Every structure is written in structure tokens, then in C-alpha cells.
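Let me begin by presenting the structure, written as C-alpha cells, before commenting on it.
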Amino acid sequence: MLRNTKKEWLIAYILIAPFVAIYALIFVYPTIDMFFLSFQDAPLVGAGDFVGIENYERLPRDRRFGTAFWNTAYFVALTVIPGTFVALAISMAVTRLSGRTQALVLALFFLPYILPVSVVFRIWDWALNFQFGIAMHVLDAFGMDRIPVFKTTTWFMPAVAFVTIWWTCGFSVLLFLAGLRAIPQEIYEAAALDNTSRWRMFRHVTWPLLWPITGLVLTIQLILQLKIFDQVYLFSQGGRPNDNLVMVYYIFQRAFVNNQGGRAAAIAVVLFIMVIVISVINFQLTRLSERRK
Amino acid sequence: MKKFIAIAAAAMVGAAAQAQETVVWWDFLGGGDGVRMKQMIADFNDAHAGEIVIDGTTLDWGVPFYTKVQTSVAVGEAPDIMTYHASRIPLAVDQGLLQELTPADFDAMGLGQDDFAPSIWDAVSADGKQYGVPIDTHPIVLYYNKDILGEAGLLTDDGLPVGLGSRAEFTATLQALKDNSDVTFPLGSVTADGNFMFRTIYSLMGQQDGELMTDGAFLVGDNATKLENALAVLQEWTNEGLQSTYTDYPATVALFTSGEAVMMINGVWEVPTMVDLEAEGNLFEWGAVELPVIFDHASTYSDSHVFAIPEGNDMSPEKRAAVLEVMSWISKNSLFWATAGHIPANNNITAMDAYKAMEPNATYSSLTANMIYDPKTPMAGVAGPIFDVMSTYFVPTLNGEMEPSEAVEEIIYELNDM
């Protein structure tokens, strides 16, 4: 049958048109506008005067930008790889269970993921509050000094990273479980017949065959954690927000608290470029290591 | 005929319903004082049944509130009336957020310059125009637990804590409380929240006649030393174990109300919290008094709650008249607002015998002579830029992580870098 390619093209265009229109309106246009805004001394709402690259120029000597940059990097380091390994470990354990037990345990690990961030904040703030938190009574019982977890810069990021892993690893566990189930059972049987040790089985069967999933989880986590905001904002309220700034928080602060839309846009552009560069590097690295196998 | 009357009556009710103006109201009064304000709104609605009804919403205090005001004005979705802080009026005028209240508006409200203290009237003025109707002044005070102080022999005959006259005496009182082994914290202090501590530290600067801003420059001359002195006192109390460390706002109130902290420096807006707990039989004998004189003379930081009409809504003349009536009525009935701990801004209210007899307001009302306000600049104000910069360095200093001198250097650097 002869196909009317012209007509097919037309239908295709019509079908994707709504998506393209909405995507252009709520993503492409604001992004382009953000670039323009970053060269102006604009307030939060409305236009400003063109000031060249002044908004960018002041970033390297802007202390809060430095704080936000390094805190974000620290947070990514604390969550992305550790979070992925925790999820992998949990899914390896869960996959050995079966039937209802597996469903129950899986549900328990997934439960935190369905909580809204405000509830997560309430739970952990209540547990770790310096004066009234239940965890502090545990420390007291062991005769240890109490730790003002969310009030010191030493503990803040590790604690928020821990809470984040607790909160979000359920989703990664699901991805890993799907990956583990996709590995053909025959390979394990063959390995078992050859008397392979558990570690070698993991190292030479599970790990390489699971790599596409691991790479995916790492990429998702990386992009997600670079954009960290909610938890940091909530846990630092009524405390010391400026010591615990992360990139998105700093954008929010410049734009909404200090009414400096232009400077906020410049930081947003920097974050935008960071996310793109890091994602591309991450993607290439994942592909490279895949090919080497 | 009966049918006709019924129709006529229905039409009249309908007309009345149409004439009723709904005033959309935003406030940030989430504490014990918010309960009092909701009562006042209900009373207003009862008194104006069929004419005006207030549709009130309470939003999160501070940055979230002011962020929402900015964006709502920008998109034309602002409320008809909102509460505001007098300290933020210069910034708000700069941002074009507020409508001017003309002399004609004040005539319509039956209020004017003579009804308010000069400092408060000045706080709502910018470039010779008025942008708000002051409701109150709300300073910080020293709350104290009479039961524990009494047992320790640290109450005067007037029922006030011993040692309010000087730094050495007050520190001695705190030390005596610490030596009394039952006491966890002599002073409950919001040491984890630099924003809150701005009030205490600015008061201590005021006690040395320190200025934050002189002719547009920050901490000129020996003002830096005065800030350092203020920080040093508070750090000393931390180092000696006299005050609670890393304590956030709710925890501080909880430490005091549970009796774990004997005294607490906090805003008068916590008065209703104490009153209500006491009424339920869940609180000790308590009092509130003007801050101790740590340096040269008494001085207390204060701010005012103000009613303002935001830009970004096209209100009809009838609606505007209704909004003015709301402001006028609340101002003239603000005796009840004094039960929220605040000092009413309307002079006619504070002159009433009923107000003068009100406790604990009467105990701390001496401080009205010693109140200081934020510098008048768009940089100042609750949750504003100066507040934000200074608070960053207060937390590490007050908890002994940073030396006061270093904190002052950092504050000056960052204030000049805004």
C-alpha cells in the first residue's frame, strides 16, 4: 500500500502541536526570558535597566553564592552515591524475600516516599529537636552530649542528606527491583553450578547486568539533588538559613526576599548551565563504563 | 396583598445583601494575639451585620507574608486591607506596594495625627504622606517565673526580679538561679534564631545610644564597638551556662511555660499565651517587666502593627469606605487588642482608666518612654535586608562559635556589600 507521507506528517504535527505550544509557553519562553533578565537590574516583577554582565561579575566575590555553591556540591556528594547504594542494598535484600513478606517489607521501605515534604520535616524536627526531641533523650540515656542537629553547620547538611535518603530511596528501590527481576535466573543457576561465591556472583553477574539501572538512578538523583530546596528551606526556618543556603534557596532569597529579579536570574542561569554540564558528563561517563564491559 | 409584601420583603433583603461589602483581609497574626484579632473581626462583623463583612485570612509571619504581598500586588490579586509592620513601610513605599491614606481618608475615619504618638505617626509616614493606620506598638519584655524566683529569694517586694539595674546585678541573679540546682536554664533565649535576637541586640545597642545607620552609612565610629559589647554580654551568658543555647522560637516559649527556663526575653505578643495557659490552670505565677538595664540606660526595641491598603486592586468608593470603617472601628476598639499584650497606638485608648489598670501591661508600660525603632530606610524592617544580614552572624556568636569582634567585622562587610 502506498503511504501518503505528507498526510502522515501533517497528522503528526497536529498531534504534537498542543504539547509544543504549552512547552514553548511555559518552558522555552521563560527560559529565554530568564537569560535576558539576568543582564538587567530588574526587581522581582517588571523590567529593569540593562546592566551588562554586572550580575555575573559579582557572583565570584558574593559570599552567599559561595556558600550556596559549596553547600549544594556537599549535599550532592552526601546523597547521590550513598543514596544509590542504600537503595541497591535494600533492593538486594528485599529481592531475597518472597510473597507477602516481600510486599510488606517493600511497602515499609516505600512508605516515606509518599509523605509530603512538610510532614517529613515535622517528623524529623520533632525527633531531633535540641530541647524536646525524642532522639535527644536517647543520647541522654547513653550519657552523651546532646547535638543541636539542625542548628549547627557541621550537622545540618549530613542530617538533611540522611533525611532525604530516608525519604526518597523507596523510589530507587523500586527501579532496582525491576532491574534485578529482569536478570535471567539461568545465569545465576549456571554460576551456582560452577560453585561461584556470593560476592563473585554479585561482582560479575548482578552488578554489570544492573548497570543501566544504576546509571539511571544516579542520573535521576544527581539532577534532583542539584535542585534541592524544600528540605533545606524547612529545616533552616527559624534557624540559620544563610549558613545553609543551597543554589535554589539562594535564587529564592534574591528574588523573593531581596526583590532582585535580575541577580536571581543570573544565579538561575549558572545553576541551569551546571545541571546541563554535569548531566552530560554523567551520561557520557555512564555510557563509557558500559562500553568498557 | 400578602404575596406582594413577601416579594417586596424579599427584594429588600436582596438589596441589603447586595449593599453588603465584603472586605478581604490578610494578617500574619498566628500566635495568641491572632486569637484576639479573630475575636475583634467577629465583633466587627456583628456590629456591621448587613453592611460590611470581613473575610479574614491569616498567613505565615515574616518572609512568606511579605513575599505573598509583593506577588499579589504585582498580579492585581491583593487583599483590600492587610496588617503590616511600621518598620517595613519605607521598603513598601519604595516597592510601590501601598496606597496613600489621604487627609480626607483620615477625616472619614475620625482619626488624625493627634491620636497617635509622634514616633508612631512618623513611622507610617514617608515623604509627608501617610501609608498606614497604626494599631499598636509591640516591644519586647522580660517574662519571669514568680514561683521559682520567689523560692530562690530573688523577688523584690514589688514582685519584680532582683537585679534589673545593671549588667553585674542581672548576671548575679542568673548565676544565683543556676546555682539553685533545680533550674535548667536561668534565661530562655531564642539563640538559634538570629532574626528574633535582632530585637534584643538592637535594644542593648540602644542602651548605649548606639546607631545602626548614621547618614546612610552602617555602624559608623564607635557604634561597631557598641554592637560588639551587646554581643559580648549575650555570649558571656552562654559561656557561663546561664541561657539556653541553639533554642528556636517555639522551644524557647515551651522552655519558659514548662518551668525549665526561669526568665525569657520575648515579645509582648506572648502575653495572651501566658494568660490563656494560666486560665486553664497550667501555668505558674508569672510576670512581665521592662528589659533589665545592662548598659547606660533603659532602652527597648519596638515595632508597630499597622493597617495598610495595598496597591493592585481596583476598589469601588463604597469598598474603600468600608475598608476605612474597618480601620477606624478597630483603632477605636483597640482596648481589647491590649489584652493581646500590645500597647494600643490610639492615645485615647491608652488614656482610659480601664487600660491603665490592665495587667501585665501596666507593669511594663514604663518602657514606652524608652522605645527605639528601626532606622527609617528601605533596608530596614522585620525580615528585611539588614535584619537578614545581621541575624546570620548572631547565631554563631550567641552560641560561642564566633568571637563578637569577628561577627561585627563580618556584619559591616556584608551590610556594605548589599
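Projected label points at residue A:49 and residue A:101, each 7 Å from Cα along the beta carbon direction, are separated by 7.3 nanometres. Taking the inverse of the mean 1/r over every pair of distinct Cα atoms in region A:1-106 gives a Kirkwood hydrodynamic radius of 20.2 Å. Per the Debye formula on identical point scatterers at the alpha carbon atoms of the protein assembly as shown, with no solvent, log10 I(q)/I(0) at q = 0.06, 0.10, 0.11 Å⁻¹ is -0.46, -1.10, -1.25. Only alpha carbons enter this Debye calculation for region A:127-245, each as an equal point scatterer, and the log10 of I(q)/I(0) it gives at q = 0.12, 0.19 Å⁻¹ is -0.67, -0.99.
Given a Förster radius of 35 Å and the C-beta distance between residue A:14 and residue A:135 as r, what FRET efficiency does 1/(1 + (r/R0)^6) yield to the nearest 0.05? The calculated FRET efficiency here is 0.05. Our summary of shape: the Cα atoms of region A:187-293 have principal axis extents of 68, 30, 16 Å, ordered from largest down, in whole angstrom. Put simply, when A:66-72, B:227-233, B:217-223 are sorted by average Cβ atoms within 10 angstrom per residue, most first, you get B:227-233, A:66-72, B:217-223.
Given an 8 Å cut-off on Cα distances and at least 6 residues of separation, report the relative contact order of chain A as a percent. Relative contact order comes out at 30 percent. Per residue of B:239-251, other chain Cβ atoms within 10 Å of the residue Cβ number 4 on average.
Highest mean first, the peptides A:222-235, B:404-417 sorted by other C-beta atoms within 10 Å per residue fall in the order A:222-235, B:404-417.
Considering only Cα atoms, the convex hull volume of region A:51-292 works out to 161 Å³ per residue.
Only DSSP H runs of four or more residues enter the estimate; each adds -39500 (n - 2.57), and after division by the residues of the protein assembly as shown the mean residue ellipticity at 222 nm equals -17000 deg cm²/dmol. Here the label points at residue A:278 and residue B:357, each 7 Å from Cα along the C-beta direction, are separated by 6.7 nm in the simple model. When the convex hull of its Cα atoms is viewed from all sides, chain B shows a mean projected area of 23.2 nm². Here r is the Cβ-Cβ distance between residue A:192 and residue A:227 and R0 is 41 Å; the resulting FRET efficiency, rounded to 0.05, is 0.40.
With R₀ fixed at 56 Å, the C-beta to C-beta distance from residue A:108 to residue B:180 puts the FRET efficiency at about 0.70.
For region B:362-418, taking the reciprocal of the average inverse distance between every pair of different Cα atoms yields a Kirkwood hydrodynamic radius of 13.2 Å.
Relative contact order for chain B: 28 percent, from Cα pairs under 8 Å spaced at least 6 residues apart, divided by residue count.
Exposure proxy for A:137, B:342: other Cβ atoms within 10 Å of each Cβ, ordered fewest to most, give A:137, B:342. Computed from label points 7 Å out along Cα-Cβ, the spacing between residue B:225 and residue B:100 is 4.5 nm. For the segment A:52-65, counting C-beta atoms of other chains within 10 Å of every residue's C-beta and taking the mean gives 1.
Residue by residue along A:236-249, Cβ atoms of other protein chains within 10 Å of the local Cβ number 4 on average. What separates the Cα centres of region B:184-250 and region A:83-98 is a distance of 50 Å.
Quick note: the coordinates plus some simple rules give every number you see, no bench work behind them. For clarity, every value in this text was computed on a predicted model and none was experimentally measured. Backbone-built Cβ (ideal geometry, glycine too); neighbour counts: all protein chains shown.
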